[in-house]
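As structure tokens, the structure follows; a few thoughts come after it.
Bear in mind that the values in this text are calculations on the coordinates, not laboratory data. Owing to the predicted nature of the structure, the values given are computational and were not obtained by experimental measurement. Virtual Cβ from ideal backbone geometry, glycine too; neighbours counted across all protein chains shown.
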Amino acid sequence: MATWKSAAYDGRYLQLDISESVNVVGNSSTLSWTLTSTGGASTYYTIDTTTVTINGTTVYSKDRTYWDDRVFPAKKGSVSGTITVAHDSNGSKTIAVGFSTRVYIYGSQEYGGSMTLTTIDRSAPTVTFSTSNVTANGFKISATSSATADVWQYSTNGGSSWTQFSTTASTSASVTITSLSPNTSYTVRVRARRQYNHVYGTSGSSTVKTLGGAVVNSVNTVTADNATVSITINVTVYEASYTNTLVLKNGSTTILTISGLSWSKGTANRTVTLTSAQRTTLLNAMASIKSFTGTFAVSSYSGSTQIGSTSSKTATVLTTATNSAPTISGFTYADSYTTTKNLTGNDQLFVQDYSTLKVTPGTATAKNGASISNYTASCNGLSASNSTGAAITVGKIAKSGSVTVTLSVTDSRGYTASVSQTITVIPYAKPKVSSVTLRRTNDIEAEMQLKFSGSISAVTVDGTQKNSVVYVRYRYKKTSESSYGSYTSIYSGTTKSGTSFSYSNLELCNLDANSSYDFHLQIQDKLYSLSSLDLYFTVPQGTPLIALRKKKVGINTPEPQAMLDVAGDMRVDGSPLADFVIQQGTSGIWNYRKWKSGTAECWGQYSFTTAISTAWGVLYESGAIALPNFPFTFAEIPHVHISTENSNYAMFVERGSSSSWSTTTNPGKIFAVRPNTVPSATYKVSIYAIGKV
């Protein structure tokens, strides 16, 4: 208890008493105070303003009371009250007590001082813990406290949040946590509240990882078409008692599911060997692909309950050409074209450019779940294919000699196999002529003359030349007609020696000399129309040197169109006539001539009357004078010359914008110029133009 007493007057004084009651749990003290007015011979005394302040809080205050007020504190008696004061965090507390009063007007007015409260024990308990019985979903926490604790809590997130697990007052407690996530790390802490002072002590932290499903770290490349297929997968196993399931997927498609795999705890390479059925399933799933990027997913189970999440990695699953390429037993070949087979007498020989190569595949075998998807035969740049293995028509072979034929087969994965053979192609070219003459006798008569010579290709088989000329014939029609007549054979008149032939007949047939004819000569060997030589000629009409018609003479033309009509060039005194007039005449003011070379000229005179009044420097000019159009249109702007026929001090110039210039149809515009003005003057100009038409 603490006591403060005021100065006395006539025996009267005021006394402040403070007692303390400690609240350990609340870390505070309740202070009970009593203010007493006592002593003195008289019952009543005047008391000045009185206040009591504890720890900064005014708990009592009274203005001056006079003796005749007959109230406390002028009257004897006491007042009391309580105030709770919180201690500092370490349990200690010193407070200031203020006591202000005065009896009558004597003595000091201020009393009080400091008061040290009882120190409360605020020490926290020391808390420790251990973990055990770790499972996929939880673990056990065993905690101890250095002092009796009545509240126990744990945290799995480092203290961000707390879960209460015991309110039994003790120095130890334990709890088994469940419903945690497998294969997950948790930062564990424990705190306990000391029963004596309700101060929490908090342990240090410890990381605990729940048991989880197996974790896939890597997977080796899998060769799916090996005789024995093994999957080597590096896995970390947390619990050996769990069973594991391996699933292999290509994209979203599940190919294999292998269950019941037991692996020892720890990180190691695990080898999973496929059964024959599993190998077949895998290869069948790869029937159309050589490889894929597979997803290898491992799930762990405790009984039928999956532990943790599925872990996966990707790796390449592949086949190899060595193990999976198809095989082909071979093929046969033949010339499938009847005409060339008849010529050679053997479908194993080929005639260049004309025989048709046909290839018949042998037996093709795909491997490891694949199927044969294509058969392709190729030769000298040609190729043909099918998907059935039926005979393949390749085509005609343009190369002669020993030529390679290759048959390739492709399976559904894209692997190929091929086999080749060499065939013999006999060189061949269609019949040809080295010289030919087809003409009218004397070039003008109806009688026709035909001469030619040529050769055919030798087709030699086993030393025997098999080829020969079989047709030599011709036909014709008038040029004006659309259809030829029938063929006329001249085979019997053709001289044949080995591969050479020739023909000469100066009286072949008669063709009307007044008409032009189209003539068709055809020569065939034993390939007949397949390699027929067809020569086409135009036989002009028989034109006489001089044609005499009524009042007309034609030279080199049968129907003269003028008194003298010459077809072709002319010579005079041994020299060619270079150019000559083909048309001339007059038109308007113009005289003109047109020459065979394409040059044309025109000339004429034009008169006009005009006023000259517009100043042009020191001279005067007329307006623009339009001239008459040419009598024809030039092909390009001609050269134009304009001159005056007047001598009265006038002159003419051509000038102005492009609209005043010469064109292909008009000489242009001119201006009359003279040194003085004149209201009316008549002029005459001569115009000459020459150019191409």
Determine the dipole magnitude for the chain: charges of +1 sit on the beta-carbon of Lys and Arg, -1 on that of Asp and Glu, nothing else is charged, the reference point is the Cα centre, and the result goes in debye to the nearest 20. 860
So what does the Cα-only Debye profile of the stretch 36-185 read at q = 0.09, 0.15 Å⁻¹, as log10 I(q)/I(0), no solvent term? -0.57, -0.87
Residues other than Trp152 with Cβ under 10 Å of its Cβ, Lys/Arg counted +1 and Asp/Glu -1, net out at +1
Students often forget the sequence filter, so: which aspartates and glutamates lie under 15 Å Cα-Cα from Lys596 once same-chain residues fewer than 8 apart are removed? Asp565, Asp569, Asp579
Identify which of the listed values of log10 I(q)/I(0) by the Debye sum over Cα atoms at q = 0.05, 0.07 Å⁻¹ was calculated from the structure shown: [x] -0.24, -0.48; [y] -0.74, -0.91; [z] -0.21, -0.42. [y]
Options Thr424, Gln348, Ala391, ranked by Cα towards positive dipole end of the stretch 325-426, top entry (Cβ charges): Ala391
Show me, for the stretch 502-508, the HN-Hα J-couplings you get by feeding each phi into the Karplus relation (A = 6.51, B = -1.76, C = 1.60, θ = phi - 60°), rounded to Hz, glycine and proline as x. 8, 8, 8, 8, 8, 9, 5
Out of Val237, Ser100, Thr36 - ranked by how far each Cα lies towards the positive end of the dipole of the chain, with unit charges on the beta-carbon of charged residues - the top one is Val237
Under the rule of at least 5 residues apart or a separate chain, name every residue whose amide H is placed under 5 Å from the amide H of Trp616. Glu621
Summing +1 per Lys or Arg and -1 per Asp or Glu among the other residues with Cβ less than 12 Å from Thr101's Cβ gives +2
Calculated FRET value between Asp150 and Val22, using beta carbons and R₀ = 22 Å, to 0.05: 0.70
Pseudo-spin-label distance Thr365 to Asp347, built 7 Å along Cα→Cβ, given in nm, is 2.8
Which value in deg cm²/dmol, rounded to the nearest 500, describes the helix-derived mean residue ellipticity at 222 nm for the chain, given -39,500 (n - 2.57) per DSSP H run of n ≥ 4 and division by the residue count? -1000 deg cm²/dmol
Fully extended contour minus Cα-Cα distance, from Tyr688 to Ser502, at 0.36 nm per residue: 60.4 nm
Cβ under 13 Å from His87's Cβ, His87 left aside: what net charge do those residues give with Lys, Arg +1 and Asp, Glu -1? -1
Sequence neighbours fewer than 8 away in the same chain don't count; with that in mind, list the lysines whose C-alpha is under 20 Å from Lys62. Lys5, Lys75, Lys76
Check: the stretch 1-117 dipole with +1 on Lys, Arg Cβ and -1 on Asp, Glu Cβ, in debye: 180
Largest first and in whole Å, give the semi-axes of the stretch 2-116's equivalent ellipsoid, each being the square root of 5 times a Cα gyration tensor eigenvalue. 30, 12, 11
Give me the lysines in straight-line cross-link reach of Lys290: C-alpha distance below 28 Å, same-chain residues under 8 apart excluded. Lys249, Lys313, Lys367
Scattering from the C-alpha atoms of the stretch 215-323 alone, worked out with Debye: what is log10 I(q)/I(0) at q = 0.21, 0.22 1/Å? -1.12, -1.21
State to the nearest 20 debye the size of the charge dipole of the stretch 116-241 about its Cα centre, where the only charges are +1 on K and R beta carbons and -1 on D and E beta carbons. 460
Would you work out which of Thr156, Tyr683, Asn368 lies farthest towards the positive end of the dipole of the chain, given +1 charges on the beta-carbon of Lys and Arg and -1 on that of Asp and Glu, about the Cα centre? Asn368
